[in-house]
Structure formats: C-alpha cells, structure tokens
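Take a look at the structure below.
The values are calculated or read from the model by the stated rules, or taken from the named source; none is laboratory data. Here the structure is a predicted model, which is why all the values come from computation and not from measurement. So basically every Cβ, Gly included, is an ideal-geometry build from the backbone, and we count neighbours across all protein chains shown. In case anyone asks, the SASA skips ligands and DNA or RNA and just uses the protein heavy atoms, side chains included. Shrake-Rupley method; radii C 1.70, N 1.55, O 1.52, S 1.80 Å.
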Amino acid sequence: MQDKLKVYEEKMNKSLEVLLGEYGTIRAGRANPHVLDRIKVDYYGTPTPLQQVGNISVPEARMIVIQPWERNLLKAIEKAILTSDLGINPTNDGSVIRLVFPELTEERRKDLAKDVKKKGEACKVAIRNIRRDANDAFKKMEKANEISEDDLKLGEEKIQKITDKMIEKVDAAIDNKTKEIMTV
C-alpha cells in the first residue's frame, strides 16, 4: 500500500514539475534565459538546443545576449528565434545576437496571467486524475481481497491528503507567477 502511495505521489510531483517548467518559459517583462529552452537550432542538419551551440547571458534586465561557439551559426540561431513563438526580433551584429524584451503592456500582462491560471488549472486536473487512478487501484485491491476495507479507507484518506498538499503547491505557483507577471 505504501509503495502504491509513493508511486502516485511521484506522478503528482512530476505534474507539478511540468507546470513549473512551463512557467519558466513564460516571460514576465524581465529577460529570462529559460524562454529559450524550447528553441532548437539547425546545427549541421541536427536540431540542437540553443544552450548547446552558444553562451547565453543576461547583461541587463531586459536583454539576452547569445554568443555562438561558431560564428557561422549566427544565421541559424537568428532563424530559429524568428520561427519560434517568442515574438522577439533578434539583432545580429556579426558576433553576437541580442534579444531586447519590450516592456509588457497591461493587457498583455492580464493575458499572461490568464494563461498562467489556465495552465495551473490543467495541472490540478491532472493531479485529481492521478488521485482517481489511485482510488480505483485501491478499490480493485480490496475487491481482490489484497487489502481490508479499513486499509481501503486509510489509503483513500492518505491519497486525499497528498492531493490536497499538491493542489496547495500548484495554487502557490500560480500566485507567485501571477505576481511576477503583474509587477511592473
């Protein structure tokens, strides 16, 4: 029983990690190198993560500088950024690429906050689905006489406590990211 609870708790933690990863790629007015995590560059015919073809730095609050290891990659990096959903035009000066993040408008901040909430709600649904799967597994074990009725109740109570704890963490993540976005 305890092993099963651990498995379901790990699944819930993975859902939370995915959410936090998604939140890392949402830009909140400040330059965050994680917005480039999903961008792949054509490196001699192989899609390669941007972090593996150059040095990424944040010299100012709203600027990211990408210095490729090889100068001939400048065009490929520029193309990868332009075709991504980043919405920022890169500036290529022949040795580095600069990404200047514009100040977010109030309307854009509200849209991002809605998106954050929507992603958080999707994570909560995933966590609740995991709870349902756990409860179903416990009921099957009870039907097969592997556990007693008391163990079934205990298992359901424990998985509910774990679920409540995870939902609190998701709510905290939503609140933190929303505050970060709405801070001018």
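Worth a mention:
- Accessible-area composition of region 81-184, carbon plus sulfur, in percent [1.4 Å probe]: 49
- Relative contact order for the chain: 24 percent, from Cα pairs under 8 Å spaced at least 6 residues apart, divided by residue count.
- Heavy-atom SASA rank of 142, 106 (probe 1.4 Å, accessible area, largest first): 106, 142
- Packing order of peptides 59-72, 107-120, highest average first: 107-120, 59-72 (average count of other Cβ atoms within 10 Å over each peptide's residues).
- Pair residue 67, residue 137: separation of 7 Å Cα→Cβ label points (nm): 4.9
- The chain: calculated mean residue ellipticity at 222 nm from DSSP helix runs of at least 4, using -39500 (n - 2.57): -20500 deg cm²/dmol
- Relative contact order computed over region 89-183 (Cα-Cα under 8 Å; 6+ residues apart), in percent: 36
- Acute angle (nearest 10 degrees) that the helix 74-83 long axis makes with the longest principal axis of the chain, alpha-carbon atoms: 50
- With Cα atoms, 0 to 90° folded angle of helix 106-143 axis to the chain main axis: 30
- Coarse-grained scattering of the chain at q = 0.10 Å⁻¹, given as base-10 log I(q)/I(0) from a Debye sum over alpha-carbon atoms: -0.57
- Equivalent ellipsoid of region 118-184: semi-axes from √(5λ) of the C-alpha gyration tensor, largest first, are 35, 11, 4 Å.
- Within a Gaussian network of the chain (alpha carbon springs, distance under 10 Å), most fluctuating of 155, 24, 87: 87
- The stretch between residue 44 and residue 150 holds 32.0 nm of extra length on full extension. This uses 0.36 nm per residue minus the Cα-Cα distance.
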